[in-house]
Amino acid sequence: MKPECSRVMDSLGGPLPADLASHVATCEDCRSLVGGFDALGAGPAPVTPAPRLDAARQRALDELSAHPKPTPWWRELLVLLAVYTAVLGGALLFMGRNGQVGNSASPMVVAVVAVLTLVLVGGGAFVALAPARRRLSWALVAMAAVAVAATQVLGGSGQQVRPPMEGMLRCMGMEMMLSVLPLAAALVLLCRSAFQPVRALAAGLSAAGVALLVLHLHCPEGTVRHLLTAHVLPWLLLAGVAVLVRSRLPSRSHAP
């Protein structure tokens, strides 16, 4: 190490004399030493936020200023249940205008199956829209669906009134027609939060369950084949369609 190199080390942090500056220009070790010291003394470069982050932050602030208080989730639940009630009441009034229930099974069986289906309709709507702190259980939703499907099939009267194909087509068409409005309302409300398949499945089972309940009360067919192919399978198919459609729709919020 040359004497000038020691003088350069002693002068770090301040301006170098002219002779030392000329030495640094010719000495590779001193040039590296001075450059490294200057880089450490300058500190980290200021970080500027990305334009996209700025835009997202501003959008969030605008939304908070426009809606400082969140809408209670139970209002959406009441809206969905009101749609269910309107469709269910209108269908029951139209199909039961003669004042009779078409299901010829025993009144106790008809009542038990109807109550279980009604519980699934209300419970599915609750599961679909209520905020959950824990992960929703697929097993719980699946067990509820299996229980309702089993009671629907096993609680039939066993009677056959119309030709099998005619009865199947009529009930399938009626179930799909009555499910359009409940499913549409459920999907619209589900888009207000992030997509969760289990919530979409619960909403689909609940919305299509309105038509399932109407058919249970007023369909005169009671064979296992008819109830399985014309009532239960379309109900499950509509629930699956609800999950598929919801997965393709954009979410207006990504809150859980």
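The values are calculated or read from the model by the stated rules, or taken from the named source; none is laboratory data. Note that the structure is predicted; figures quoted are calculated from it, not measured. Neighbour counts run over all protein chains shown; Cβ positions are idealised from the backbone, glycine included. Accessible surface areas use protein heavy atoms only, side chains included; no ligands, DNA or RNA. Shrake-Rupley method; radii C 1.70, N 1.55, O 1.52, S 1.80 Å.
With a probe of 1.4 Å, find how much accessible area region 76-129 has per residue, and write the answer as a whole number in Å².
On a per-residue basis, 54 Å².
With each label point set 7 Å from Cα along the Cα-Cβ vector, what nm distance links ALA82 and ARG225?
For the pair ALA82/ARG225, the computed spacing is 4.5 nm.
Using a 7 Å offset from the Cα along the Cα-to-Cβ direction at both MET108 and VAL180, what is the distance between the two label points in nm, to one decimal?
Inter-label distance under the simple model: 4.1 nm.
Can you compute 3J(HN,Hα) from phi for each residue in region 192-201, using the Karplus curve 6.51 cos²θ - 1.76 cosθ + 1.60 with θ = phi - 60°, rounded to whole Hz and x for Gly and Pro?
7, 9, 5, 5, 10, x, 5, 5, 5, 5
Using a 1.4 Å probe and ignoring any ligands, DNA or RNA, find the accessible area of ASP62 and quote it in Å² to the nearest 10.
About 80 Å², rounded to the nearest 10.
Could you rank MET176, MET143 by how accessible they are, 1.4 Å probe, largest area first?
Ranked list, largest accessible area first: MET143, MET176.
Can you pull the one-decimal nm distance between simple spin-label points at GLU28 and MET143, each 7 Å off the Cα toward Cβ?
Roughly 7.6 nm, to one decimal.
Using only the heavy atoms of the protein chains and a 1.4 Å probe, how would PHE195, PHE126 rank by accessible area, largest first? Each step should come with its number before you reach the end.
Values: PHE195 75, PHE126 100 Å².
Order by accessible area, largest first: PHE126, PHE195.
Which of the peptides 199-208, 149-158, 225-234 is most tightly packed, and how do the rest follow, going by the mean number of other Cβ atoms within 10 Å of each residue?
199-208, 225-234, 149-158
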